[in-house]
1. For Arg173, state whether it is more than 24 Å from Thr76 (Cβ to Cβ), surrounded by 19 or more Cβ atoms within 10 Å (Cβ to Cβ) and not hydrophobic (A, V, I, L, M, F, W, C).
2. Out of Val78, Val51, Val59, which single residue is aliphatic (A, V, I, L, M), under 25 Å from Ser124 (Cβ atoms) and touching a residue at least 40 places away in the same chain (Cβ under 8 Å)?
3. Out of the stretch 224-244, which residues are in a loop (DSSP other than H, G, I, E, B) and within 28 Å of Val64 (Cα to Cα)?
4. Counting residues that are closer than 18 Å to Pro251 by Cβ and among the hydroxyl-bearing types (Ser, Thr, Tyr), which strands (runs of 3 or more DSSP E) fully inside the stretch 42-125 reach at least 2?
5. Give just the number: which of (1) among the hydroxyl-bearing types (Ser, Thr, Tyr); (2) part of a helix (DSSP H, G or I); (3) in contact with a Gly (Cβ under 7 Å, 6 or more places away or on another chain) does Ser202 not satisfy?
6. Is one or more of the residues making up the stretch 111-122 closer than 30 Å to Thr160 by Cβ, in the same structural domain as Arg235 (by TED's automatic domain parsing) and either in contact with a Phe, Trp or Tyr (Cβ under 9 Å, 6 or more places away or on another chain) or modelled with pLDDT of 95 or more (or both)?
7. What are the residues in the stretch 126-158 that are outside any helix (DSSP H, G or I), surrounded by 11 or more Cβ atoms within 10 Å (Cβ to Cβ), among the small types (Gly, Ala, Ser) and at pLDDT 90 or above, if any?
8. Of (1) assigned to a helix (DSSP H, G or I); (2) under 20 Å from Asp68 (Cβ atoms); (3) charged (D, E, K, R), Asp184 satisfies all except one. Which?
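The values are calculated or read from the model by the stated rules, or taken from the named source; none is laboratory data. Because the structure is a prediction, the values reported are computed rather than measured. Backbone-built Cβ (ideal geometry, glycine too); neighbour counts: all protein chains shown.
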Amino acid sequence: MAGLVAALLVAGAVNGVGPLARVPPPSEVSDPREMLARSLQALIDASSVHVEASLRGQVPGSLVGRQDPTVPVEGTAVSLDLRPQDARSHLLLGSPTLGIGLEAITSWDTMAYRRAAGPWVTGSLGSVVAGTGIDADPLTLVGRVRTWLAQPGAPTPVATDVRCDAASGTCRRVSVSLGRSAGDALLAAIAGSGGASVGATSTDLVLETDAATLRPAHLVVTTRNADGSLALTLRVDCSAWDAPSVIADPPSG
């Protein structure tokens, strides 16, 4: 029996499957689906990374408690320092048009946040995610992305090489149309049943990831509904990979 198992493992490795199969280096990955999965894994594996994000467009006023038909989100910006290996983060979120000013610090499941330099409030990440339907477990996230992309009828990404400002100077640009499921799920998580009033959405994603390492450089996600009352463009830029990063413990309040 042991000999049979060994033979199967060797055969699998020779044919590129199984636990002994050679894992190609990032520069040799040719499947756009695997580029997406490996880019996510590279983020999780980093000792540190700095993220800048900006949001532009508009949302229905009903989603943000306003009487206006639509509310612009121009000027909404996020600055985020991440240390994925020891699960620490420091986030600054500002949105003049939405009247939001937020600072948050996390360490594993412990979280502290404050609004507009007010008093710190403590809690847990688990309590924030609970009830949203979002599974944010990083230990299973990459596997779930691979499984989803491999399903029949899943979106089919395409990739091209472009010049970029990543460390190698070349990025794989991966584009994929996510259809309505991604935007609808996000609306349900944020607005609950109120998100249904927006109607069906469509979401497109473009990722530029370093061809040598598959570390994400830039990400653009666009989401809109049929009448244009929801029309958002999110841009995310990643830099300072593995740079020294000091993130204090979350304040105790």
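1. Considered against the rule, which asks whether it is more than 24 Å from Thr76 (Cβ to Cβ), surrounded by 19 or more Cβ atoms within 10 Å (Cβ to Cβ) and not hydrophobic (A, V, I, L, M, F, W, C), Arg173 comes out as yes.
2. After ruling out the rest, the residue left standing is Val51.
3. Residues satisfying the conditions are Ala226, Asp227, Gly228, Ser229, Leu230.
4. On the way: elements: 49-60, 70-72, 76-83, 88-95, 100-107, 110-115, 121-124.
Filter on the stretch 42-125 gives 100-107, 110-115, 121-124.
5. (2)
6. For the stretch 111-122, residues closer than 30 Å to Thr160 by Cβ, in the same structural domain as Arg235 (by TED's automatic domain parsing) and either in contact with a Phe, Trp or Tyr (Cβ under 9 Å, 6 or more places away or on another chain) or modelled with pLDDT of 95 or more (or both): absent.
7. Scanning the stretch 126-158 gives a single hit, Ala154.
8. Asp184 satisfies all of (1) assigned to a helix (DSSP H, G or I); (2) under 20 Å from Asp68 (Cβ atoms); (3) charged (D, E, K, R) except (2).
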